[in-house]
Structure formats: C-alpha cells, structure tokens
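The values are calculated or read from the model by the stated rules, or taken from the named source; none is laboratory data. Remember, predicted model here, so these are calculated numbers, not experimental data. Glycine also receives a Cβ, built like all others from the backbone with ideal geometry; neighbour counts cover every protein chain displayed. These accessible areas exclude ligands, DNA and RNA; they are computed on the full protein's heavy atoms, side chains included. Shrake-Rupley method; radii C 1.70, N 1.55, O 1.52, S 1.80 Å.
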Amino acid sequence: MQRAVIVLRAKSIPFDVTYIDLRNKPDWFLEISPHGKVPVLKVDEEILFESNAIAEYLEEAETPRMHPDDLIKRARNRAWTDFVPTFAGGLSGLYSAKTADGQEQRLDTARRVLDKLETALADERGNDGPFFNGAELSLVDAAYAPFLQRFLHVDQWLKSGLLDDYPLVSAWAGALIDSDLVQGSVPEEFFAEFEGNLKRRGFLVGALMAEAPGVAAR
Ligand SMILES: N[C@@H](CCC(=O)N[C@@H](CS)C(=O)NCC(=O)O)C(=O)O
C-alpha cells in the first residue's frame, strides 16, 4: 500500500485511499483482491494488484519518470526491487522475535541482507545520493522506504545499532524517512497501529514499547 501511495504522490496523481482492516477483510475487498492482500489499485473500473505491478503501471502511465533512463541501470533497479521481500523479511525477523535469544539469532540474517544492500549502494550509485540512484527518489526507493521506515521506528526501542555498521544504508534510510513523499505516505495513526500490532503479537519489541511508550517517532 505505502509504496503505491509514494509513487502516486511522486507523480501527483489524484487518488483516494481506503484502508482495510486485514484482520477483518470486507467482502467487497475479497472480491477484487485475488490473493486477499493489499495493495489493490482501482484504475477506472480496472483492478491492479501486487506492489511491483502497480508501481510499474504507474511508471508507464504517468510522468515524471522515476526509473533511471539508462536501460542497464533500470534493469538493475528492478533486480534490487525484487530483493525487497528478502530484505524486508531479514529486518522484520529481528523485531518479530519473541525472546532476546531469538532476536540475537536473527541478527545474522539481518546483517546478511544489509551487507548486500550496502554493497549495492556502493556499486550502483556513483554519486552522493541521497537516494538509491542519486538526487531523485526512484521506484526502488519507494519499494524500500516502508521497510526501512518501520525498522528505524522499532529500532528506537530495540536499539540494535545495526545500521551503524552500514553507513550508506543508514544515510539512505535517513533521507527516505525525512522525505515529504515518504512521510506523507502513511496516515497519522499508522505508527500507533503498527506498535499495537507488535504488542498484540507478543513480540519482544512490543513489550519494550509498552514499558517505554512515546519514544519520539520520526
Ligand atoms: N507481494 C505482495 C505482498 C502483499 C502483502 O503481503 N500484503 C500484506 C500487507 S503488507 C497483506 O495484505 N496481508 C494480509 C494477508 O496476507 O492476509 C505485494 O507486494 O503487493
């Protein structure tokens, strides 16, 4: 959902959003979403699903172009976008642990995905950023932003210090969450709901949040 909203905002495409309670999906949503998952984009009467497909559709439909012009760069941006589910799983694994031991065990996986991304930024960019390709926020940025934003939020409690070892990822994540496009891509209550979800699911970080609520959210 968030990735689609970032792209819609970046391209100044007017849109309405309906948020779904994923624990209680309405019938109308199940009828239009083939996998019962968000996001779904309704374009006139047509339904699109899957974040990648939606982002690529918007990219082809509307300017400004968010992919690099260079064909090789564009292909590699898409390849790194394909890595997002693995990356997101590596980071969210860390904060979905229920015990300190479990969290410790998942550090290696988190480090592995961060290593790859740090190398990708070093190899791909050839400039000072701040985004994946340079000065402009691109589709690959829009794909990673939601997961980096969630991680930075929970790390206020986890205090893993993990990103300290990855200066390029760390600076990139900071630029993403500071960007208006990313900040305005979630509703006001998003972080409260996100925290509620982590608490409800019995994750260790949820307990830390309950003990020390109100750490300043970025
Ligand atoms: N590959 C899909 C994954 C979408 C996805 O997993 N959405 C989650 C929320 S982030 C969802 O709808 N979960 C509800 C469920 O699986 O029942 C995409 O990128 O659009």
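Applying a threshold of 23 Å to the alpha-carbon distances of 159/199; 37/116; 25/98; 116/199; 25/199 flags 37/116; 25/98; 116/199 as lying beyond it. Spin-label pair residue 86-residue 156: with each label point 7 Å from Cα along the Cα-Cβ axis, the two points sit 3.2 nm from one another.
Suppose the chain between residue 98 and residue 128 were pulled fully straight at 0.36 nm per residue; how much longer would it get relative to their current alpha carbon spacing?
Values: separation 30, 0.36 × 30 = 10.80 nm, distance 3.81 nm.
Additional length available on full extension: 7.0 nm.
With 0.36 nm allotted per residue and the present C-alpha distance subtracted, the residue 119-residue 164 stretch has 14.7 nm of extension available. In terms of Cα atoms, the Rg and Dmax of region 2-61 work out to 11.5, 33 Å. Protection proxy ranking, highest mean first, for peptides 12-24, 161-173, 87-99, 177-189: 87-99, 161-173, 177-189, 12-24, where packing is the per-residue count of other beta-carbon atoms within 10 Å, averaged.
If you take the charge dipole of the chain about its Cα centre, with +1 on Lys and Arg Cβ and -1 on Asp and Glu Cβ, which of 154, 133, 97 is farthest toward its positive end? With unit charges placed on the Cβ atoms, the residue in question is 97.
Solvent exposure of region 71-211, expressed per residue, is 47 Å² of accessible area, with all protein chains present and a 1.4 angstrom probe.
Which whole-number percent is the relative contact order of region 71-211 (Cα, under 8 Å, 6+ apart)? Before the final figure, lay out each step's value.
Numbers: 126 pairs, mean separation 39.0, N = 141.
About 28 percent, as a whole number.
Ignoring ligands, DNA and RNA, please state the percent of accessible area on the chain from carbon and sulfur, probe 1.4 Å. The C+S portion of the solvent-accessible surface of the chain is 50 percent. Nearest 0.05, what FRET efficiency do residue 16 and residue 188 give at R0 = 22 Å with Cβ-Cβ as r? FRET efficiency, residue 16 to residue 188: 0.85. Once the Kirkwood radius over Cα pairs is known for region 59-174, the Stokes-Einstein relation at 20 °C and 1.002 mPa s delivers a diffusion coefficient of 144 µm²/s.
Among residues other than residue 65 whose Cβ falls under 10 Å from its Cβ, what is the net charge (Lys/Arg +1, Asp/Glu -1)?
Working: positive: 11, 74; negative: 59, 60, 62, 69, 136.
Taking every other residue near residue 65 into account, the sum is -3.
Stretching the chain fully between residue 171 and residue 75 yields a gain of 32.2 nm (0.36 nm per residue, less the alpha carbon separation).
Using the Cβ-Cβ distance between residue 50 and residue 136 with R0 set to 25 Å, the FRET efficiency from 1/(1 + (r/R0)^6) comes to roughly 0.55.
Compute the Cα gyration tensor for the chain, then decide on rounded, prolate or oblate, letting a ≥ b ≥ c be the square roots of its eigenvalues: rounded whenever a/c is under 1.5, prolate when a/b is larger than b/c in the other cases, and oblate in all that remain. It comes out oblate by the Cα gyration axes.
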